[in-house]
1. Mind checking which residues of the stretch B:187-207 are surrounded by 15 or more Cβ atoms within 10 Å (Cβ to Cβ), aliphatic (A, V, I, L, M) and not in a helix (DSSP H, G or I)?
2. Mind checking which pairs have a first residue in the stretch B:247-272 that is at the interface with another protein chain (Cβ under 10 Å from one of its Cβ atoms) and a second that is aromatic (Phe, Trp, Tyr) and buried (at least 19 other Cβ atoms within 10 Å of the Cβ), Cβ under 9 Å, 6 or more apart or different chains?
3. Would you check if B:Leu210 is within 14 Å of chain A (Cβ to nearest Cβ), crowded, with 18+ Cβ neighbours inside 10 Å and assigned to a helix (DSSP H, G or I)?
4. I'd like the full set of residues that are charged (D, E, K, R) and either in a helix (DSSP H, G or I) or surrounded by 15 or more Cβ atoms within 10 Å (Cβ to Cβ) (or both), limited to the stretch B:155-186.
5. Given the criterion surrounded by fewer than 18 Cβ atoms within 10 Å (Cβ to Cβ), touching a Lys or Arg at 6+ places or on another chain (Cβ under 7 Å) and of a type in the set (D, E, K, R), identify the matching residue among B:Arg141, B:Arg150.
6. If we only count helices (runs of 4 or more DSSP H) wholly inside the stretch B:33-132, which ones have 2 or more residues that are more than 14 Å from chain A (Cβ to nearest Cβ) and more than 21 Å from B:Lys157 (Cβ to Cβ)?
7. Any residue in the stretch A:112-132 that is surrounded by fewer than 24 Cβ atoms within 10 Å (Cβ to Cβ), within 14 Å of chain B (Cβ to nearest Cβ) and free of Cβ contacts under 8 Å to residues at least 40 places away in the same chain?
Amino acid sequence: MSTAAVETRRPSRPHLVRVAAWLGVVGATLGLIAGLVELTAGAEIRSWVGDKNDTTRLGLATILLALIALTAALALLTGRAVSPQRRLAVAAGLLVPGLICFTTVGRLWYLPGVLLVGAGVLVAADLRRETHTLAASLERNWTVLLTATLAVFYVFLGATALGLAGALGVAGGLLVLALLVARDRRPAKLAVPLLLLAAIPFAALTWWSVATPLIGILLIAIGISALKRQPRSTPTGTVEGTTS
Amino acid sequence: MSRGRFLRQVGLGAGTIAVVGAGALGYRAYDQGVLAVGDGPAYAAWSRWDAGRRLLPLVGAATLAPSPHNAQAWLFGVGSDRIDVFADTARNTGAIDPFRREMYVGLGAALENLVLAARAGGYTPNVELMPAGGESTHAARVSLTRASARRSALYAKIPERRSNRYPYVEGKAVPARALAAMAALAGAETPDTRLVWFSEPAARGRVSELLVAATEAIIGDPDQSASDFAWFRQDWDALQRQRDGITVDAAGLPDLTAALAKLLPAQSESATGEAWLKATRERHTKTAAAYGVVAVRDAADNTQRLQGGRLLERVHLWTTGNGLALHHMNQLTERADREVQLGLEPRFGDGLADLMPSGWQALATFRIGFPTETPNRSPRRPAEAVITR
């Protein structure tokens, strides 16, 4: 790959991105602390945690989302998120937890939320010059993104469901995510059977909920297309993942 | 743009819209607790009722009793060797229960659980009803002295008891010996009370007709309809916060219908009333194997109401332990009291009087039968929330 090609994959304003990374690290760390406070003292400070009744689940969800944001921020800080696609993923990893927790957590999230959303906006702003590259990449991987989104829905709904059905929902969603991550490294014949194994049990056990069967059907319909092995060439003819 | 590329983009767009729609539906399912039936703080009292120190488990047992519209109109004063039971009149059910008949029946049911739990906890309870007079809100004083623990079969069923609003097995009669065993539960602790059964088809048909007509009359009465609707909890967060009232999950609906009812926008008062009438006509009365009426000498007397409530709870616990289902259906007495309150022609008052043996008045009505489904729990406030200083 040419030097010019490598240059286009780096942040155009590295100082801005570094500031975003530190904002993200601080915001995510404060978010983790907020989650721990919800878990341990949430019941005594309900007005600070969005008046939520179940502060245990709220605390666990906050910690999980803060960990996602921390992973994204650290990837940015350590320079592992160089390509525009990865920086877009980092922006989503900062913005989505930041915004979701604003809708549920309450006053404890105000400071970490502002820092995470601010960091996400800075990373996204740095990507403005690379919209064409990103648009092409997004179009090529859109079914993968949709499948991953549906898998996250499965994990989320599984976590709120009870007993065996809930466990199957979480396991099914995680299996689909694992299949997507490893889609070029596992035997092609296994993809569809594993997808069915991941999607059907939770939907079948909770068929009456309407939501899970619908998500399960979409997971299978879109997932089959997403799990097909794709040629790795980019529209410009360069090959991803070989930058040295 | 090529045709192939256009079609691909249309497909991706449609897929995206479908995923966004599924996400919105999934969030609604989460927000309304569709997959968390019977879970959360509103239901914690069912599993933690016997936790806590000293006399708290006795109050915990009392809070698992049934109450009109699940209003839980009770408060408990806990001393070192006694528990006082009070009516929480602020939690009345309005025009549904204009003379607070049901409120005191519910307090009687709570009192019965408390007495059973006292014996199981190693106390001999001495119950004094209406210690401050017949019109007082001080319903009972239970004095406790130490004794050996006696765990009765009825006590063991306290956490398993549910009001079963599902259809019952059609055509399967309740054996006469079971009806006799329940009638025998009226004993020395509940004088002036008895059970009256309507198990033969003709008598059952007469009660069914009256129940359907009374339900129609209630939903046609704006005040009664509004009072009924006020205790209907359709919002999962409100339910978890308030921990009382009638819920979709405990309404005896098929799983799919219940899920749709929670996913769709909240029902209006009139739609809720129509659904109740339909259930009464097509499921509740159609599949009742028998109706029971708790009768007392004077249904206006709070002491007898409390005694009737104790008997009613014993019957409910007995059915729980013997594979039967029970559903409280008080439309007849609710309507009869309303007629008196408004000076209306006593259609249901006379109907009830015709059904009762001479010298007895109907206090509370229910149906029994063999269950087709296991009912879900109703929300409950924990013992700590109903203790008054």
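Each reported figure results from applying straightforward, stated rules to the coordinates on display, with no laboratory input. Values in this document were obtained by computation on a predicted structure and should not be read as measured data. Cβ atoms come from the backbone with ideal geometry, glycine included; neighbour counts cover every protein chain shown.
1. B:Leu195, B:Val196
2. B:Pro254/B:Tyr166; B:Lys262/B:Trp236
3. On the way: within 14 Å of chain A (Cβ to nearest Cβ): no; crowded, with 18+ Cβ neighbours inside 10 Å: yes; assigned to a helix (DSSP H, G or I): yes.
For B:Leu210, the condition - within 14 Å of chain A (Cβ to nearest Cβ), crowded, with 18+ Cβ neighbours inside 10 Å and assigned to a helix (DSSP H, G or I) - is not met.
4. Scanning the stretch B:155-186 gives B:Lys157, B:Glu160, B:Arg161, B:Arg162, B:Arg165, B:Arg177.
5. Within the list B:Arg141, B:Arg150, the selection yields B:Arg150.
6. Hits in the stretch B:33-132: B:101-120.
7. no
Quick grid of which residues meet (1) among the hydrophobic types (A, V, I, L, M, F, W, C); (2) assigned to a strand (DSSP E or B); (3) surrounded by 21 or more Cβ atoms within 10 Å (Cβ to Cβ):
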{"position": "B:Ala250", "(1), (2), (3)": "yes, no, yes"}
{"position": "B:Thr257", "(1), (2), (3)": "no, no, no"}
{"position": "B:Gln267", "(1), (2), (3)": "no, no, no"}
{"position": "B:Ser270", "(1), (2), (3)": "no, no, no"}
{"position": "B:Gly292", "(1), (2), (3)": "no, yes, yes"}
{"position": "B:Ala295", "(1), (2), (3)": "yes, yes, yes"}
{"position": "B:Gln304", "(1), (2), (3)": "no, no, yes"}
{"position": "B:Gln307", "(1), (2), (3)": "no, no, yes"}
